[in-house]
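To keep things clear, I will list the structure first and then write my remarks on it.
The values are calculated or read from the model by the stated rules, or taken from the named source; none is laboratory data. Computed from a predicted model, the values in this text were never measured in an experiment. Here the Cβ positions follow ideal geometry from the backbone for every residue, glycine too, while neighbour counts run over all protein chains shown.
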Amino acid sequence: MTEKIIMPLAGALTAIISIVLVLMGNPANMGFCIACFLRDTAGALGLHGARAVQYARPEIIGIVGGALITSAATREFAVKGGSAPMTRFILGMCVMIGALIFLGCPLRMIIRIAGGDLNAVIGLFGFAAGIFLGIFFLNKGFTLKRTYNVSKTDGFVLPLISLLLLVALLFFPAILLFSETGPGAARAPLFMALAAGLIMGGVGHISRLCFAAGIRDSVLFRDFLMLSAFISIIVAGLIGNIIFGQFNLGFENQPIAHTDALWNFLSLTLVGLGSVLLGGCPFRQLILAGGGNSDSTVTVFGMIIGAAIVHNFGLASSASGVTESGKFGFALAAAVMLCIAVYNTYNNE
């Protein structure tokens with residue numbers, strides 16, 4: 001009974017916090033976007049030169065910190081790793097390529113739907129298609145092998161990096177890059193964004209919220225509990241957006257989105273497949289990394305490097321649509337991901 005209450009509450013809280021962050025300055029329909037915020041953070045560290053998307057997002061720092069604090073408080077902090085870390089790194093890169101072609105992670109996909117963006121509905125169908133493909137490989141025996149107890153220090157790598165990033169933001173901002181225009185310049189006040197991240201980190205750990213697991217579990221186990229979080233985000237987000245005049249139903253004139261239906265579908269198909277192979281969506285990877293999972297830490301690093309590659313080589317989409325480089329990058333990432341899926345399904349001795 002407790003889980004049946006926690007999951008929809010987690011979804012509703014996610015929607016409320018997202019709306020507040022937008023009202024306080026975050027980009028429209030982007031109260032939270034793990035892909036976008038990791039991209040901005042990569043830019044702040046100088047890993048890419050796209051001046052419009054450079055800001056060390058406090059929300060990311062907070063999510064990691066919130067997961068660490070909550071897992072420690074509940075005595076669930078456990079340092080695990082050793083499950084194909086380099087494969088996970090590559091998958092993280094591929095997931096980020098798909099997310100930035102779509103212009104958002106699965107969490108932002110749901111937030112965009114709550115804001116009336118019908119392009120994200122097409123993305124949802126693609127995300128589900130990718131998850132179904134991932135389930136096919138799971139049923140055939142896909143595995144990245146088990147995790148092991150590893151050095152305690154491994155579990156604190158991402159929390160420590162997050163702490164150092166926060167120190168830089170607060171006391172040494174000159175060593176970071178900051179956007180003056182574009183999405184990177186649209187930001188809620190630092191401490192509000194940090195608090196929102198801390199709350200979401202705690203909520204994510206307690207609820208085990210994962211935007212790929214909701215669909216995966218409903219298909220594999222007929223467990224629809226996680227889907228209740230999806231529904232509550234959409235319902236609470238819809239109500240909030242209508243109240244504050246942020247609801248805009250349609251395909252056109254949506255904030256930080258494009259209307260290319262085929263690529264909205266295909267890009268999130270890649271994200272859905274990658275999330276199943278990794279055992280969690282980008283948001284879940286951050287939560288696991290904060291809770292001591294070094295494999296998820298490696299995956300997060302892969303996503304950060306993936307974001308750098310996307311912007312250094314012109315793969316990212318814009319409101320004008322998908323670039324030719326983005327289409328090539330998608331094809332390459334899809335081929336790599338399918339090779340990983342096939343190899344780890346049929347050669348898993």
With the range 212-321 as the region, which helices (runs of 4 or more DSSP H) entirely inside it contain at least 1 residues that are touching a helix residue (DSSP H, G or I) at 6+ places or on another chain (Cβ under 8 Å), under 16 Å from residue 93 (Cβ atoms) and in contact (Cβ under 8 Å) with a residue 24 or more places away in the chain?
-> 261-278, 282-290, 294-312
Which numbered condition residue 305 fails, given (1) in contact with a Gly (Cβ under 9 Å, 6 or more places away or on another chain); (2) under 18 Å from residue 106 (Cα atoms); (3) hydrophobic (A, V, I, L, M, F, W, C) | (2)
Kindly indicate whether residue 141 is touching a helix residue (DSSP H, G or I) at 6+ places or on another chain (Cβ under 6 Å), outside any helix (DSSP H, G or I) and in contact (Cβ under 8 Å) with a residue 60 or more places away in the chain.
-> yes
Residue set 146, 88, 108; condition among the basic types (Lys, Arg), surrounded by 24 or more Cβ atoms within 10 Å (Cβ to Cβ) and closer than 26 Å to residue 344 by Cβ; output residue 88
Could you tell me which numbered condition residue 171 fails, if it satisfies all but one of (1) surrounded by fewer than 16 Cβ atoms within 10 Å (Cβ to Cβ); (2) modelled with pLDDT of 95 or more; (3) within 19 Å of residue 286 (Cα to Cα)?
-> (3)
Can you run down the residue pairs with Cβ atoms below 9 Å, 6 or more apart or on separate chains, where the first is in the range 185-198 and farther than 16 Å from residue 38 by Cβ and the partner is surrounded by fewer than 18 Cβ atoms within 10 Å (Cβ to Cβ) and aromatic (Phe, Trp, Tyr)?
-> 185/178
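Criterion first (of a type in the set (Gly, Ala, Ser) and in a helix (DSSP H, G or I)) does residue 188 satisfy it?
Answer is no for this residue.
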Can you work out which of the residues in the range 187-200 that are surrounded by 18 or more Cβ atoms within 10 Å (Cβ to Cβ) and in contact with a Pro (Cβ under 7 Å, 6 or more places away or on another chain) is farthest from residue 64 (Cα to Cα)?
-> 193
Residues 12, 52, 67: which one is in contact with a Gly (Cβ under 8 Å, 6 or more places away or on another chain), more than 19 Å from residue 282 (Cβ to Cβ) and either of a type outside the set (Lys, Arg) or crowded, with 19+ Cβ neighbours inside 10 Å (or both)?
-> 52
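How many residues are within 23 Å of residue 115 (Cβ to Cβ), in a loop (DSSP other than H, G, I, E, B) and not aliphatic (A, V, I, L, M) when one looks only at the range 197-211?
Of the residues in that region, 2 qualify.
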Counting only residues that are of a type in the set (Asp, Glu) and within 25 Å of residue 27 (Cβ to Cβ), how many does the range 190-245 have?
-> 0
Of all residues in the range 331-343, which are within 19 Å of the chain's Cα centre (by Cα) and surrounded by fewer than 22 Cβ atoms within 10 Å (Cβ to Cβ)?
-> 334
Can you tell me which of 179, 162 is of a type outside the set (A, V, I, L, M, F, W, C) and surrounded by 20 or more Cβ atoms within 10 Å (Cβ to Cβ)?
-> 162
